[in-house]
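Let me begin by presenting the structure, written as structure tokens, before commenting on it.
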Amino acid sequence: MNFVAAILYAVCTSSLVAMVLAAARGGLNSAIAAAALGCGLLVMSLALWQGRNPSAPRRAPSTPEWLAIIAFALVSLRIFLWVVTVKGDDIKVLSPNNLGDFSLHLTYVRYLASGVPFWPDNPIFTGGKLTYPIGIDLFHSLLPLVGMDVFRGFIWMGIIGAALTGAALWRWGRGFALFGFLANGGLAGFLIFSTGKLADFQGELPWKSFALALFATQRGLLFALPAGLLLLSSWRTRFFAGQAEDWRLPFWGELLLYASLPLFHFHTFLFLSALLGVWFVFQAPARRGLALLVGSAFVPATVLVFLITGGLKGGSLLGGKAGWMWDDTTFLDWCQIHLGNGSPTVAAITFWPVNFGILPLLVVMLIVALSRQGGSQWARLVVIPSLAIFIICCFVKFAPWAWDNTKLMIWSYLAILPFVWTELLVRWPAWARCFIVGMLFFSGFISTLGGIDASFTGYPIALRSELDGVAKAVHDIPVTDRFAGAPTYNHPLLLNGRKMVLGYLGHVDSHGLAWQEPAGKLDSLMNGEDGWRELADELGARYLFWGRYEDEKYKDSPQPWRLTTRMVASGDWGAIFDLHTPPTTPTRLPAMNE
């Protein structure tokens, strides 16, 4: 585990140093990237040399646990070796869940690597600062600056992040937690017996496969999952004396990982902070150590939270939503197709067993067992607050889109899961354990396998020739200038790391940003309505891009800028117009579809 922790130290150190140096200089460059990565390697070397608290020998994996390890390795390799493929002119992603997310992360990586001033403007929303935990993308942006291909960076970071996560899951809950991460689910996967087909049966349900819907898409989890799990394992020893687990991180390592978490994954930081608060109240012997850790992390963590929320005003996040997503139209449609009745009443009754299977029953039995048997203080102070957070997520939205609560709920699931085994199932007969484990994990594992079908080659997101052409066209345009264009997730400007008035509205909305008014003004601008120049100025757009997405969305636009502004570049990909400069020779160019 010391090696896993050392790699995590290197990643967060490199990201933090890069952020500080970029803020001092005004942006990233190759020298800053090399210096930041060098600092990360130095901290990693010091951590390995220190070799604090080597672990005591642990029980070797059993046969089922070896099967869980192999399954996790194979699924991870399938997800990340093919997370992005470039074949000929096509750039593809493996999962449909990753169409928008991969594009957004590619935007951030190239945007940060372009040398924009820190703290950066938001590349997908005009008039505001970037409100997103950019830690993993910031680290990734250092790699192209020292010579690594940006697409290979996605692959290698995915593989290494998966290996770190697997090791941390093993430390936290051994094979049960490792396989449970791959196989979260309810009852939908049993449809394989009626359909005779292997598919991601949970893809249309709110409680989706973690491996497909979160691990492959939410890149911050590549750092946050192993970091959070190692912190929990370490805190088990540090704050709960007498536990069998004897391994722990050095204090400075815990502080570094915990304080830097907001930069990588705010929901993980929020979950762990809630646990620390509960422990401070109920675990009196640990109060001094808890106060020291939280007090030391308060200033740096607060600064990072301030930055990723745009000064605590990045957008409206909290809201009420009783029942989580039981009334989501997609789930109602699922009920209509598979149950023959899509009424709200049927949806409310079937939502929990369809999504979670027997897990709620096992958690109730676990709570009873901890109460009756006087379970360990450690178990109670992890299970009960984790369950409370999960229940709160079923009534309160922590993001505009209720599904984003999954980023918190995954932590409740992972925190509770090992105790389902150690405090409950391990006491049952072998035949009962086998049956329950099968019922608990069958659906989720089938759905995960169905989502990584080996015969599938991926979903296209872009043409390399188009990205290269646009990259060449904008090369001499300052990286601080913003473009008007169609708001889509895979716009060639965004995939080249350039600022647009609006990116994909699904992303903008999920970040809690007030996009409706800018979107209306952008439509008026792109449709060439009266006052379009003034609208461009209001939106901060110096340039206007017209390509295939604009032709599709604004097909009836008269495009008055073609006669009244200077065209700075054109090609098979489209044309770019400088809205502040009149044309040298007025020319009416044919539209893309003429």
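The values are calculated or read from the model by the stated rules, or taken from the named source; none is laboratory data. Keep in mind it's a predicted model, so treat the numbers as computed, not measured. For neighbour counting, all protein chains shown are included, and Cβ atoms are generated from backbone atoms with ideal geometry for every residue, glycine included. Areas reflect the complete protein model, heavy atoms only, side chains present, ligands, DNA and RNA absent. Shrake-Rupley method; radii C 1.70, N 1.55, O 1.52, S 1.80 Å.
Take the residue pairs LYS499/LYS555; LYS208/LYS321; LYS472/LYS553; LYS321/LYS499; LYS87/LYS407 and return only those whose Cα atoms are more than 30 Å apart. Those over the limit are LYS321/LYS499; LYS87/LYS407. Karplus-based coupling profile of segment 275-286, in residue order and whole Hz: 4, 4, x, 5, 4, 4, 6, 9, 10, 4, x, 9, with θ = phi - 60° in 6.51 cos²θ - 1.76 cosθ + 1.60 and x standing for Gly or Pro.
What shape does segment 452-537 have by the C-alpha gyration tensor, where a ≥ b ≥ c are the square roots of the eigenvalues, rounded means a/c under 1.5, and otherwise prolate means a/b greater than b/c and oblate the rest? The shape class here is oblate.
Given R₀ = 45 Å, what would the calculated FRET efficiency be for ASN527 paired with ALA35, taking r from the Cβ atoms and rounding to 0.05? FRET efficiency, ASN527 to ALA35: 0.40. For the chain, the share of accessible area belonging to carbon and sulfur comes to 64 percent (1.4 Å probe, ligands and nucleic acids excluded). In the chain, taking the dipole from charged Cβ atoms about the Cα centre, the farthest positive-side position among TRP428, SER443, GLN516 is held by TRP428.
Give the whole-number value, in cubic angstrom per residue, of the convex hull volume spanned by the C-alpha atoms of segment 434-591.
Working: hull volume 25.8 nm³, N = 158.
Expressed per residue, the convex hull around the Cα atoms of segment 434-591 is 163 Å³.
Size of segment 118-225: Rg and Dmax of its alpha carbons, in Å, are 17.8, 55. In the chain, the longest principal axis of the Cα atoms and the axis of helix 2-25 are about 30 degrees apart. Rolling a 1.4 Å probe over the heavy atoms of the protein chains gives the chain an accessible area of 40 Å² per residue.
Mind putting a number on the dipole of segment 138-209 about its Cα centre? Charges go on the C-beta only, +1 for Lys and Arg and -1 for Asp and Glu, and I need it in Debye to the nearest 20. Intermediate results must be reported in sequence, preceding the final value.
Working: 5 positive and 3 negative charges, 42 e Å.
Here the size comes out at about 200 debye.
Relative to its Kirkwood radius, the Cα radius of gyration of segment 248-312 gives an Rg/Rh of 0.98.
Can you compute the charge dipole magnitude of the chain about its Cα centre, using +1 on each Lys and Arg Cβ and -1 on each Asp and Glu Cβ, nothing else charged? Give it in debye, rounded to the nearest 20. Walk me through the numbers on the way to the answer.
Working: 42 positive and 37 negative charges, 439 e Å.
Result for the chain is approximately 2100 debye, rounded to the nearest 20.
With a cut-off of 11 Å between beta carbons, the residues surrounding VAL474 carry a summed charge of +1, where Lys and Arg count +1 and Asp and Glu -1. Between ALA284 and LEU339, full extension at 0.36 nm per residue minus the direct alpha carbon distance yields a gain of 14.7 nm. Normalised by the number of residues in the chain, the mean separation of alpha-carbon contacts (under 8 Å, six or more apart) gives a relative contact order of 19 percent.
For segment 471-594, the share of DSSP beta bridges that are antiparallel, to the nearest 5, is 65%.
What's the longest bit of the chain with no exposed trypsin sites (Lys or Arg not before Pro), using DSSP loop states and at most 15 other Cβ atoms within 10 Å as the test? By the stated rule (loop sites, at most 15 other Cβ atoms within 10 Å), 314-554.
Given axes a ≥ b ≥ c from the Cα gyration tensor, I'd like to know whether segment 1-97 is rounded (a/c under 1.5), prolate (a/b larger than b/c) or oblate. Taking the square roots of the gyration eigenvalues as a ≥ b ≥ c, segment 1-97 is oblate.
Note on the chain: Cα convex hull, mean projected area over all directions, 28.5 nm². Nearest 5 is fine: what % of DSSP beta bridges in the chain come out antiparallel, could you say? Around 80 percent antiparallel, to the nearest 5.
Compute, for segment 460-562, the length of the dipole vector about the Cα centre, with Cβ point charges of +1 (Lys, Arg) and -1 (Asp, Glu) only. Units Debye, rounded to 20. Intermediate values should be presented prior to the final figure.
Details: 12 positive and 16 negative charges, 78 e Å.
So the magnitude is around 380 debye.
Over segment 217-352, the Kirkwood radius and the radius of gyration, each from Cα atoms, give a ratio Rg/Rh of 1.13.
Any idea which of SER465, THR488, ALA454 is furthest toward the positive side of the dipole for segment 428-511, if Lys and Arg beta-carbons carry +1 and Asp and Glu beta-carbons -1? Farthest along the dipole direction, towards plus: ALA454. Positive end of the dipole of the chain (Cβ unit charges, origin at the Cα centre): among LEU304, TRP82, PHE240, the Cα lying farthest that way belongs to PHE240.
What the Cβ-Cβ distance of LEU48 and ILE477 gives, at R0 = 41 Å and to the nearest 0.05, is a FRET efficiency of 0.40.
Once the Cβ-Cβ distance between LYS197 and THR584 is put in as r, and R0 is 51 Å, what FRET efficiency do you end up with, to the nearest 0.05? Walk me through the numbers on the way to the answer.
Values: r = 61 Å, r/R0 = 1.19.
That pair, LYS197 with THR584, gives E of 0.25.
When a/c reaches 1.5 or more, the comparison of a/b and b/c decides; with that in mind, is segment 359-497 rounded, prolate or oblate per its Cα gyration tensor? Mind showing how you got there, number by number?
Details: a/c = 4.12, a/b = 2.24, b/c = 1.84.
Taking the square roots of the gyration eigenvalues as a ≥ b ≥ c, segment 359-497 is prolate.
Hey, what angle do you get for helix 30-50 against the long axis of the chain, alpha-carbon based, 0 to 90 degrees rounded to 10? Helix 30-50 sits at roughly 10 degrees to that axis.
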